[in-house]
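S.K.: Below you'll find the structure I mean.
Computed from the coordinates by the stated procedures, all read-outs in this text should not be read as laboratory data. The shown structure was predicted, so the numbers you read here are calculated from the model rather than taken from an experiment.
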Amino acid sequence: MILVTGATGNVGRELVRELLRAGRPVRALVRGKEGSVPAGVEIAVGDLDRPESLGAALRGVRGVFLLGGRADMPGLLEEIRRAGVEHVVLLTSRSVVGGNPTNAIVAMWTASEAAVRSSGMPWTILRPSGYMSNALRWLAQLRAGDLIRAPFADVPIALIDPQDIAAVAAVVIGSDQHHGSSCELSGPEALVPAEQVRVLGTALGRDLRFEGQTEAEAREELSKIFPPSLVEAQLRFFAKGEFDDSRIAATVSEITGRPAGTFAQWARRHANRFAEGREGSS
């Protein structure tokens, strides 16, 4: 049995589907009964920030796909270890590669990785680039018109399709071939926001326009979504140049045997979500 945490998020929901297609037994961890998962998937209710709530969810589980960045990663991993889990696949971020440890985002992911390494269990770490699904943050603007305003206009990111992260996770989880590996993942091309908007416009059949935000506007916009420490961390990443997320990594194709998807492919596949105005969880 594989336990997928964050099972209704962008990566988790794709991993649940991947495991189902492969005929592997999968249990989805959700915070409440409202979680929507495909038929044939066991549902377990629990909270990663309350490790003591996971006893039933972990019963009979051999592998766990685990979201990093939780409040008590050592305690969470101890609960997983006590349940007899044989392999943990941890999702973090490639910002830890050469990242400044004083940056709050880097520190969060670094602490998560340190906890899994010292857990006493076999582990694999997945370090993806920025997600293509972050474009869903533009839904409100798309409902209002054809102008998208976003921060960091000059910053290219080798965006990755969450489906590709899930495909890698499905291959490595439960396989000792990747024990002790930290896998850097990215999409096949680095795009600045204006290029993403152009591609999205093509997928939606709309003549979209893009305007970059000033740093002050970016700070104000990000503050609506993130706490101050994470706002500052992102500004340091992309306005101050602490993090280059444009590198192209071939790991997706090396592990899965198929090329990583493009942003155009992602946009076409999710065009209905933009049309319906539904935001996705990350």
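S.K.: Using the Kirkwood formula over every pair of different C-alpha atoms, what hydrodynamic radius in Å results for the chain?
M.R.: 19.5 Å
S.K.: I've got another one for you. Mean separation of Cα pairs under 8 Å and 6+ residues apart, divided by the residue count of the chain: what relative contact order is that in percent?
M.R.: 19 percent
S.K.: Counting pairs of alpha carbon atoms under 8 Å apart in space and at least six apart in sequence, what relative contact order in percent does segment 1-106 give?
M.R.: Relative contact order, segment 1-106: 24 percent.
S.K.: What shape does segment 212-282 take by its C-alpha gyration tensor, where a ≥ b ≥ c are the square roots of the eigenvalues and a/c under 1.5 counts as rounded, a/b above b/c as prolate, and the rest as oblate?
M.R.: Verdict is oblate for segment 212-282.
S.K.: Now for a separate question. Quick query: amide H of residue 148 versus all other amide H atoms, modeled in the peptide plane; which residues come in under 5 Å with a sequence gap of 5 or more or a different chain?
M.R.: Amide H neighbours of residue 148: 209, 210, 211.
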